[in-house]
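Enquirer: Sharing a structure here in structure tokens format.
Readers should treat all values here as calculations from the given coordinates under stated rules, not as data from a laboratory. As the structure is a prediction and not an experimental result, all values here were calculated from the model. With ideal geometry, Cβ positions are generated from the backbone for all residues, glycine too; neighbour counts draw on all protein chains shown.
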Amino acid sequence: MNSTPEPLYLNWTFWTAVVAVLALVLSQLPPVRVLLRRPRLIMQPYDRLNVAHWLGNPIVNLHVQLLNTGGRPVRVRSLVLELSTEGDLRLSLPAQSFTSAGLAGDSFLFTPFGLEPDKEWANFIGFVAPFSMGDERTSKQLIKELKTGITLKLRDQTQEARDRKEFVEGDASCVGRLQEFFKNHNRWRPGEYTAVLKAQCTPEEASQVRKFRFTLFEADVQELEERASRYKYGFGVYLTDPDQTEVYPSIKDA
């Protein structure tokens, strides 16, 4: 007689295989305590920032640390730095670029990115409002005109002047228009600034706002304004100024 097959639920080999598969699947999933956590992002700016300008247009460089302490992935759609003073200054500077300290200082375009639970994103971010189309056209034309004028003068420079490494000035008319462009776009003034750093995220409940303050002293603003006096050599326009002093005000909680 043929023996009756053993029921599958009584087969210990079968159940051993089932338990092994379940253990493998569960090992690939986040712990339940992580899954139950609400979406949450911690945003921490460094205790100093860098204040600068591009032909007068305000720039703020700030190291920002973002940490996803929630149980779900978070997508950071945008970062914006809003500045105001007791006067009439109101600036909204979106993140345009970021620099990673671990990648030899290379700069990258800021775009939306995702953060998995317990992951961190920490970089130096450049906040700046782009020029209008008209201002961008004007600035590019002035830069091209200045560079062309200086290049022609360098070509005609004597060997003695080259040996002395004398600076060559651009056309006075072009330099004057560049400095006027700077004056029309310069917004930095001495005083205390209130800053609001905003991170817009998906899901929306992970979005964060961080407020702080910083002060620009008269010497800071003077340093920023004096950069325009070296436009005539091309410094701060299409050349890096080796004598430029950076402005690094400390930040305080608002």
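Enquirer: Looking at segment 212-225, which of the residues that are of a type outside the set (A, V, I, L, M) and surrounded by 12 or more Cβ atoms within 10 Å (Cβ to Cβ) is nearest to residue 75 (Cα to Cα)?
Expert: Applying the first criterion (of a type outside the set (A, V, I, L, M)) to segment 212-225 yields 212-215, 217-218, 220, 222-223, 225.
Filter once more, so that each one left must be surrounded by 12 or more Cβ atoms within 10 Å (Cβ to Cβ): 212-215, 217, 220, 223, 225.
Values: 212: 24, 213: 27, 214: 29, 215: 32, 217: 37, 220: 37, 223: 39, 225: 39 Å.
In this case the residue turns out to be 212.
Enquirer: Give the residue that is surrounded by the fewest Cβ atoms within 10 Å (Cβ to Cβ), with candidates limited to residues of segment 48-81 that are more than 30 Å from residue 184 (Cβ to Cβ) and touching a Gly at 6+ places or on another chain (Cβ under 8 Å).
Expert: 75
Enquirer: Answer with yes or no whether residue 140 is under 23 Å from residue 226 (Cα atoms), within 31 Å of the chain's Cα centre (by Cα) and touching a residue at least 40 places away in the same chain (Cβ under 8 Å).
Expert: Details: under 23 Å from residue 226 (Cα atoms): yes; within 31 Å of the chain's Cα centre (by Cα): yes; touching a residue at least 40 places away in the same chain (Cβ under 8 Å): no.
The answer is no for residue 140.
Enquirer: Here's a follow-up. Output the number of residues of segment 163-198 satisfying the condition of being over 24 Å from residue 218 (Cβ atoms), charged (D, E, K, R) and not in a strand (DSSP E or B).
Expert: Matching residues across segment 163-198 total 7.
Enquirer: Residue 169 fails exactly one of the following numbered conditions: (1) under 30 Å from residue 42 (Cα atoms); (2) touching a residue at least 60 places away in the same chain (Cβ under 8 Å). What is the number of that condition?
Expert: With (1) under 30 Å from residue 42 (Cα atoms); (2) touching a residue at least 60 places away in the same chain (Cβ under 8 Å) applied to residue 169, the lone miss is (1).
Enquirer: Got at least one residue in segment 129-152 being surrounded by fewer than 12 Cβ atoms within 10 Å (Cβ to Cβ) and in contact with a strand residue (DSSP E or B) (Cβ under 9 Å, 6 or more places away or on another chain)?
Expert: Scanning segment 129-152 turns up at least one residue that is surrounded by fewer than 12 Cβ atoms within 10 Å (Cβ to Cβ) and in contact with a strand residue (DSSP E or B) (Cβ under 9 Å, 6 or more places away or on another chain).
Enquirer: Separate question: Just to be sure I understand, how many residues within segment 215-231 are part of a helix (DSSP H, G or I), among the aliphatic types (A, V, I, L, M) and in contact (Cβ under 8 Å) with a residue 12 or more places away in the chain? Outline the logic, then answer.
Expert: If we filter segment 215-231 for residues that are part of a helix (DSSP H, G or I), which is where we start, we get 218-231.
Then keep just the ones that are among the aliphatic types (A, V, I, L, M); that gives 219, 221, 224, 228.
Okay, now just the ones that are also in contact (Cβ under 8 Å) with a residue 12 or more places away in the chain, so 221, 224, 228.
Of the residues in that region, 3 qualify.
Enquirer: If you don't mind, there's one more thing I want to ask. Right, residue 205: surrounded by fewer than 15 Cβ atoms within 10 Å (Cβ to Cβ), among the acidic types (Asp, Glu) and assigned to a strand (DSSP E or B) or not?
Expert: no
Enquirer: Would you tally the residues in segment 50-102 being within 30 Å of residue 175 (Cβ to Cβ) and either assigned to a strand (DSSP E or B) or among the hydrophobic types (A, V, I, L, M, F, W, C) (or both)?
Expert: Number satisfying all stated conditions: 17.
Enquirer: What number of residues within segment 232-254 are of a type in the set (Ser, Thr, Tyr), within 18 Å of the chain's Cα centre (by Cα) and assigned to a loop (DSSP other than H, G, I, E, B)?
Expert: 1
Enquirer: Follow-up. If residue 160 satisfies all but one of (1) over 30 Å from residue 72 (Cα atoms); (2) outside any helix (DSSP H, G or I), what's the number of the condition it fails?
Expert: Of the numbered conditions (1) over 30 Å from residue 72 (Cα atoms); (2) outside any helix (DSSP H, G or I), the odd one out for residue 160 is (2).
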